[in-house]
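The values are calculated or read from the model by the stated rules, or taken from the named source; none is laboratory data. These numbers come from a predicted model, not from an experiment. Every residue, glycine as well, gets a Cβ built from its backbone with ideal geometry; the counts of neighbours run over all protein chains shown. The accessibility values were calculated without ligands, DNA or RNA, using every heavy atom of the protein model including side chains. Shrake-Rupley method; radii C 1.70, N 1.55, O 1.52, S 1.80 Å.
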Amino acid sequence: MIHPKDKSTSLAETIYANMPNVHVVEDEWYERGIGQLLWQTPKEEPILIIGYGDCRGLYRERFNDVLEISPSDLDNPVWVQRLANCQIGTPQIVLNRIHAYNLRRHNGNIIGIWPNAVEFARRNRLHGLFASTFFFNAKDAENYGEITLDMYIERSNYTLYRTLGKLLTNHVPLYKIPEILQQRAYNDTCVNHRNFESFFCL
(Lines give C-alpha, C1' and ligand atoms only; values in the text may rest on other atoms or scores of the structure.)
Protein backbone atom coordinates (compact mmCIF):
# COMPACT_ATOMS: atom_id res chain seq x y z
CA MET A 1 0.00 0.00 0.00
CA ILE A 2 1.72 3.17 -1.24
CA HIS A 3 -0.12 6.21 0.12
CA PRO A 4 2.03 9.20 1.15
CA LYS A 5 0.49 11.00 4.11
CA ASP A 6 -1.39 14.03 2.87
CA LYS A 7 -4.36 15.73 4.51
CA SER A 8 -6.16 16.16 1.20
CA THR A 9 -6.04 12.43 0.37
CA SER A 10 -6.44 10.99 3.88
CA LEU A 11 -10.10 10.05 3.26
CA ALA A 12 -8.83 7.49 0.73
CA GLU A 13 -7.70 5.37 3.67
CA THR A 14 -11.32 4.20 3.65
CA ILE A 15 -10.40 1.91 0.73
CA TYR A 16 -8.04 -0.27 2.72
CA ALA A 17 -9.17 0.39 6.30
CA ASN A 18 -10.98 -2.96 6.57
CA MET A 19 -8.68 -5.02 4.38
CA PRO A 20 -6.78 -7.81 6.13
CA ASN A 21 -2.97 -7.96 6.09
CA VAL A 22 -2.43 -4.52 4.55
CA HIS A 23 1.11 -3.17 4.75
CA VAL A 24 1.26 0.63 4.42
CA VAL A 25 4.62 2.06 3.37
CA GLU A 26 6.09 4.16 6.18
CA ASP A 27 7.09 7.77 5.54
CA GLU A 28 10.80 7.02 5.90
CA TRP A 29 10.74 4.96 2.71
CA TYR A 30 9.75 8.00 0.66
CA GLU A 31 12.96 9.68 1.77
CA ARG A 32 15.12 6.58 1.26
CA GLY A 33 13.45 5.50 -1.97
CA ILE A 34 10.86 2.78 -2.44
CA GLY A 35 12.66 0.82 -5.15
CA GLN A 36 14.15 -1.70 -2.72
CA LEU A 37 10.80 -2.12 -0.97
CA LEU A 38 9.05 -2.83 -4.28
CA TRP A 39 11.71 -5.38 -5.18
CA GLN A 40 11.25 -7.18 -1.87
CA THR A 41 7.46 -7.31 -2.23
CA PRO A 42 6.32 -10.75 -3.45
CA LYS A 43 5.12 -10.48 -7.05
CA GLU A 44 1.80 -12.16 -6.20
CA GLU A 45 0.97 -9.31 -3.79
CA PRO A 46 -1.36 -6.59 -5.13
CA ILE A 47 -0.13 -3.00 -4.95
CA LEU A 48 -2.47 -0.08 -4.26
CA ILE A 49 -1.08 3.39 -5.00
CA ILE A 50 -2.93 6.55 -3.93
CA GLY A 51 -2.02 10.23 -3.92
CA TYR A 52 -1.21 13.19 -6.12
CA GLY A 53 0.86 12.90 -9.25
CA ASP A 54 0.87 13.17 -13.01
CA CYS A 55 1.94 11.16 -16.05
CA ARG A 56 5.52 11.09 -14.67
CA GLY A 57 4.55 9.34 -11.44
CA LEU A 58 3.41 9.79 -7.84
CA TYR A 59 4.24 12.89 -5.77
CA ARG A 60 5.50 12.79 -2.20
CA GLU A 61 2.72 15.22 -1.29
CA ARG A 62 0.33 17.65 -2.91
CA PHE A 63 2.21 20.01 -5.19
CA ASN A 64 1.91 23.80 -5.00
CA ASP A 65 -0.53 23.80 -2.12
CA VAL A 66 -0.65 25.66 1.17
CA LEU A 67 1.36 24.00 3.93
CA GLU A 68 -0.12 24.32 7.39
CA ILE A 69 2.86 24.62 9.73
CA SER A 70 3.58 26.08 13.13
CA PRO A 71 6.77 27.97 14.09
CA SER A 72 8.07 24.88 15.89
CA ASP A 73 7.87 22.92 12.61
CA LEU A 74 10.64 25.12 11.18
CA ASP A 75 13.07 23.36 13.53
CA ASN A 76 12.35 20.12 11.68
CA PRO A 77 14.53 19.69 8.53
CA VAL A 78 11.76 17.70 6.84
CA TRP A 79 9.33 20.62 7.07
CA VAL A 80 11.99 23.05 5.85
CA GLN A 81 12.56 20.83 2.81
CA ARG A 82 8.83 20.61 2.09
CA LEU A 83 8.53 24.38 2.34
CA ALA A 84 11.46 24.78 -0.04
CA ASN A 85 9.85 22.41 -2.53
CA CYS A 86 6.69 24.51 -2.59
CA GLN A 87 8.64 27.71 -3.08
CA ILE A 88 10.76 26.28 -5.88
CA GLY A 89 7.68 24.85 -7.54
CA THR A 90 8.93 21.34 -8.31
CA PRO A 91 7.22 18.23 -6.95
CA GLN A 92 9.18 15.44 -5.31
CA ILE A 93 8.29 12.33 -7.30
CA VAL A 94 8.64 9.15 -5.25
CA LEU A 95 7.32 6.66 -7.82
CA ASN A 96 8.42 7.06 -11.42
CA ARG A 97 9.45 5.17 -14.57
CA ILE A 98 12.51 3.79 -12.77
CA HIS A 99 10.14 1.70 -10.64
CA ALA A 100 8.17 0.40 -13.63
CA TYR A 101 10.14 -2.87 -13.88
CA ASN A 102 9.37 -3.79 -10.27
CA LEU A 103 5.71 -2.89 -10.78
CA ARG A 104 5.45 -5.03 -13.93
CA ARG A 105 6.48 -8.05 -11.84
CA HIS A 106 3.05 -7.93 -10.18
CA ASN A 107 1.31 -9.26 -13.29
CA GLY A 108 -1.31 -6.55 -13.63
CA ASN A 109 -2.34 -6.62 -9.98
CA ILE A 110 -1.86 -2.87 -9.52
CA ILE A 111 -4.38 -0.16 -8.63
CA GLY A 112 -3.26 3.43 -9.21
CA ILE A 113 -5.38 6.34 -8.01
CA TRP A 114 -3.86 9.71 -8.85
CA PRO A 115 -4.43 12.24 -11.65
CA ASN A 116 -3.08 10.85 -14.95
CA ALA A 117 -2.20 7.48 -13.42
CA VAL A 118 -3.57 5.80 -16.54
CA GLU A 119 -1.15 7.76 -18.75
CA PHE A 120 1.76 6.80 -16.47
CA ALA A 121 0.70 3.15 -16.80
CA ARG A 122 0.50 3.34 -20.60
CA ARG A 123 3.90 5.00 -20.89
CA ASN A 124 5.48 2.30 -18.73
CA ARG A 125 3.56 -0.73 -20.03
CA LEU A 126 1.84 -1.42 -16.72
CA HIS A 127 -1.34 -3.43 -16.36
CA GLY A 128 -4.04 -3.07 -13.74
CA LEU A 129 -6.70 -0.57 -12.70
CA PHE A 130 -5.79 3.10 -13.09
CA ALA A 131 -7.54 6.47 -12.78
CA SER A 132 -7.34 9.21 -15.39
CA THR A 133 -8.58 12.48 -13.92
CA PHE A 134 -9.37 12.30 -10.21
CA PHE A 135 -10.64 14.96 -7.81
CA PHE A 136 -9.68 14.71 -4.15
CA ASN A 137 -11.32 18.07 -3.40
CA ALA A 138 -13.05 21.08 -4.97
CA LYS A 139 -9.76 22.75 -5.87
CA ASP A 140 -8.84 19.78 -8.03
CA ALA A 141 -12.20 20.03 -9.78
CA GLU A 142 -11.65 23.72 -10.51
CA ASN A 143 -8.49 22.83 -12.44
CA TYR A 144 -10.76 21.00 -14.89
CA GLY A 145 -13.37 23.76 -15.03
CA GLU A 146 -15.83 22.11 -12.65
CA ILE A 147 -17.19 24.28 -9.84
CA THR A 148 -18.25 22.35 -6.76
CA LEU A 149 -17.79 22.18 -2.98
CA ASP A 150 -15.34 20.21 -0.86
CA MET A 151 -18.24 18.75 1.08
CA TYR A 152 -19.79 17.38 -2.10
CA ILE A 153 -16.53 15.87 -3.39
CA GLU A 154 -15.70 14.31 -0.02
CA ARG A 155 -19.15 12.74 0.32
CA SER A 156 -18.95 11.39 -3.21
CA ASN A 157 -15.42 10.08 -2.74
CA TYR A 158 -16.35 8.39 0.51
CA THR A 159 -19.00 6.44 -1.38
CA LEU A 160 -16.47 5.59 -4.10
CA TYR A 161 -13.78 4.53 -1.61
CA ARG A 162 -16.17 2.29 0.32
CA THR A 163 -17.43 0.72 -2.90
CA LEU A 164 -13.92 0.15 -4.24
CA GLY A 165 -12.73 -1.21 -0.90
CA LYS A 166 -15.53 -3.79 -0.83
CA LEU A 167 -14.83 -4.85 -4.42
CA LEU A 168 -11.13 -5.34 -3.71
CA THR A 169 -11.77 -7.14 -0.41
CA ASN A 170 -14.15 -9.51 -2.22
CA HIS A 171 -11.49 -10.14 -4.90
CA VAL A 172 -13.64 -8.86 -7.76
CA PRO A 173 -11.48 -9.02 -10.94
CA LEU A 174 -10.02 -5.62 -11.77
CA TYR A 175 -11.36 -5.65 -15.32
CA LYS A 176 -14.93 -5.71 -13.96
CA ILE A 177 -14.51 -2.77 -11.59
CA PRO A 178 -14.79 0.19 -14.06
CA GLU A 179 -18.22 -0.98 -15.25
CA ILE A 180 -19.41 -1.60 -11.67
CA LEU A 181 -18.31 1.89 -10.59
CA GLN A 182 -19.99 3.48 -13.60
CA GLN A 183 -23.21 1.63 -12.83
CA ARG A 184 -22.97 2.78 -9.21
CA ALA A 185 -22.74 6.39 -10.42
CA TYR A 186 -25.71 6.03 -12.78
CA ASN A 187 -27.84 4.83 -9.88
CA ASP A 188 -26.84 7.67 -7.56
CA THR A 189 -27.35 11.29 -8.59
CA CYS A 190 -25.49 12.50 -5.47
CA VAL A 191 -22.02 11.40 -6.56
CA ASN A 192 -19.40 13.02 -8.77
CA HIS A 193 -19.64 11.03 -11.98
CA ARG A 194 -16.23 12.09 -13.25
CA ASN A 195 -14.38 10.25 -10.46
CA PHE A 196 -16.53 7.14 -10.76
CA GLU A 197 -15.99 7.09 -14.51
CA SER A 198 -12.25 7.81 -14.43
CA PHE A 199 -11.09 4.20 -13.97
CA PHE A 200 -9.65 2.10 -16.77
CA CYS A 201 -8.33 -1.43 -16.76
CA LEU A 202 -5.21 -1.83 -18.91
Which three extents, in angstrom, do the Cα atoms of the range 94-177 have along their principal axes, listed largest first? 40, 30, 20
Students often forget the sequence filter, so: which lysines lie under 23 Å Cα-Cα from LYS176 once same-chain residues fewer than 8 apart are removed? LYS43, LYS166
Quick one: which residues, 5+ away or cross-chain, put their amide H under 5 Å from the amide H of ILE111? H built at 1.01 Å from N. ILE47, LEU48, ILE49, LEU129
With SER156 itself left out, Lys, Arg at +1 and Asp, Glu at -1 over residues whose Cβ is under 13 Å from its Cβ give -2
Förster-model FRET efficiency, 30 Å R0, VAL172 and TRP39, C-beta, rounded to 0.05: 0.60
GLU119 and CYS55 label points (each 7 Å along its Cα→Cβ direction) are spaced in nm at 0.4
With a probe of 1.4 Å, find how much accessible area the range 93-165 has per residue, and write the answer as a whole number in Å². 46
Karplus (6.51, -1.76, 1.60) ³J(HN,Hα), θ = phi - 60°, over the range 175-182, in Hz, Gly and Pro reported as x: 5, 8, 5, x, 5, 5, 5, 4
Determine which lysines satisfy two conditions relative to LYS7: a Cα distance under 19 Å, and not lying fewer than 8 residues away in the same chain. LYS139
Note, the range 162-173: 3J(HN,Hα) by Karplus (6.51, -1.76, 1.60, θ = phi - 60°), whole Hz, Gly/Pro = x, goes 5, 4, 5, x, 5, 4, 5, 5, 8, 6, 5, x
Find how much the distance from GLU146 to ASN18 grows on full extension, using 0.36 nm per residue of separation minus their present alpha carbon separation; answer in nm with one decimal. 42.9 nm
